[in-house]
1. Mean residue ellipticity at 222 nm from the helices of the chain, using -39,500 (n - 2.57) per DSSP H segment of n ≥ 4 over the full residue count, to the nearest 500 deg cm²/dmol?
2. Please calculate how many Å² of accessible area the chain carries per residue, with a 1.4 Å probe and no DNA, RNA or ligand atoms counted.
3. Springs between alpha-carbon atoms under 10 Å, Gaussian network over the chain: tell me which of ALA142, ALA25, ALA281 tops the mean-square fluctuations.
4. Using 0.36 nm per residue, how much length does the chain from TRP94 to LYS221 gain when fully extended, once their Cα-Cα distance is taken away?
5. In the Gaussian network model of the chain, springs joining C-alpha atoms below 10 Å, which of ASP306, ASP113, ASP136 carries the largest mean-square fluctuation?
6. Would you work out the relative contact order for the chain, in percent, from Cα pairs under 8 angstrom that are 6 or more residues apart?
7. Taking the C-alpha atoms of the chain, how large are the radius of gyration and the largest Cα-Cα span, Dmax, in Å?
8. Determine the gain in length on full extension of the stretch ASP118-SER196; use 0.36 nm per residue of separation and subtract their C-alpha separation, reporting nm with one decimal.
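The values are calculated or read from the model by the stated rules, or taken from the named source; none is laboratory data. Treat the numbers as computed from the prediction; the structure is a model and nothing was measured. Cβ coordinates were reconstructed from backbone atoms using ideal geometry, including for glycine residues, and neighbour counts include every protein chain displayed. To get the accessible areas, we keep the full protein, side chains included, count just its heavy atoms, and leave off ligands, DNA and RNA. Shrake-Rupley method; radii C 1.70, N 1.55, O 1.52, S 1.80 Å.
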Amino acid sequence: MTHAQRVFSGVQPTGNLHLGNYLGAVREFVRMQDDYECIYCVVDLHAITVWQDPQALRDGIRELTAAFIACGLDPKKSIIFNQSQVPAHAQLGWVFNCVARLGWLNRMTQFKDKAGKDREKASIGLYDYPVLQAADILAYKATHVPIGEDQKQHLELSRDIAQKFNNDFGVENFFPLPEPLIRQEAARVMSLRDGSKKMSKSDPSDMSRINLTDDPETIAKKFKKAKTDPEPLPDSVEGLDARPEARNLVGIYAALSGKATAEVMKEFSGAQFGQFKPVLADLAVEKLSPIAGELRRLREDPGYIDSVLADGAERADAIAEPILREVYEIVGLLRTRGQ
Ligand code: TYM
């Protein structure tokens, strides 16, 4: 049996979406919604693995939902909802806690990064985070997961959990092995202040990232101040090797313009950053300002946003609940007729 193609992905409702989230993930979500059944989740249960102010979390859930729609997600085509409102995520997450192995989680690099030096003080939820992520995907038997490069290891864990569940219970092919979809040009958008660090919501410097809500002057200023080296742009992609900041800005330009990196190199071969940066900023403003405008409009209509989430949760639950029942039967938590 092959599984019907179904797309699932999630984003945490913590802080503004930035250019990395957009190019690495959300823009792909939008592209996929015409060709696949798509489920996009505001992962509020993942957000609370680190302390969240409750009011900020409530606001963040609405804000991210509005940003999804402003970026082009259509709630009629795609299912948009927040994770906590569909109980199957947490329920399947528990079953998977009993399938996943400690050794697998000990290898997760994101936990090591996020927990920092004082690992003993990290929440259990932060450690267990990738198991819940596997439950998110497999509660829908999703086959494809659009993500940025940083989530690749978590996706591999989801595949391992699916495989072990299928093996342990002798239900070959019950869960699909979900495939990551990682768009190469924008797989890893880096910080504007340090080309060796990814662009991130949690970077203390706002100058390190372009937020989808930044106004045109702020976008221009951030690119102008972006760290670079003193050399002009090379004439080939290989010329970007060992030049992480140049590679990042060129990569952003390629992703925003839809051109291949080699083509961008041809266009800007020999240009100084003083020439390239304003062109890049103009392109970013052109692509992002309609999104910011739409987001401002949607913020004025929280009733609409709440109705999208309620409708999405109902549709998501209708898919996940029967799958969870089957899991409970397979595991022996629930009797099937005649057993
Ligand atoms: P989150 O909220 O950190 O990020 C959302 C998406 O944005 C991508 N991303 C980036 N892509 C390119 N360059 C960057 N600098 C960059 N920063 C972030 C992320 O890879 C992600 O695709 N664990 C996930 C949320 C999650 C999830 C899931 C994803 C929970 N359950 C199930 C897929 C399937 C996370 O924290 O994403």
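1. Numbers: 13 runs with 171 residues, N = 339.
Here the helix-only value at 222 nm equals -16000 deg cm²/dmol.
2. Working: 16240 Å² over 339 residues.
I get 48 Å² per residue for the chain.
3. Comparing ALA142, ALA25, ALA281 in the GNM, the peak value goes to ALA281.
4. Details: separation 127, 0.36 × 127 = 45.72 nm, distance 4.67 nm.
Value of the extension gain: 41.1 nm.
5. With Cα springs under 10 Å in the chain, the top fluctuation among ASP306, ASP113, ASP136 is at ASP113.
6. 22
7. According to the Cα coordinates of the chain, Rg and Dmax are 21.1, 75 Å.
8. 25.8 nm
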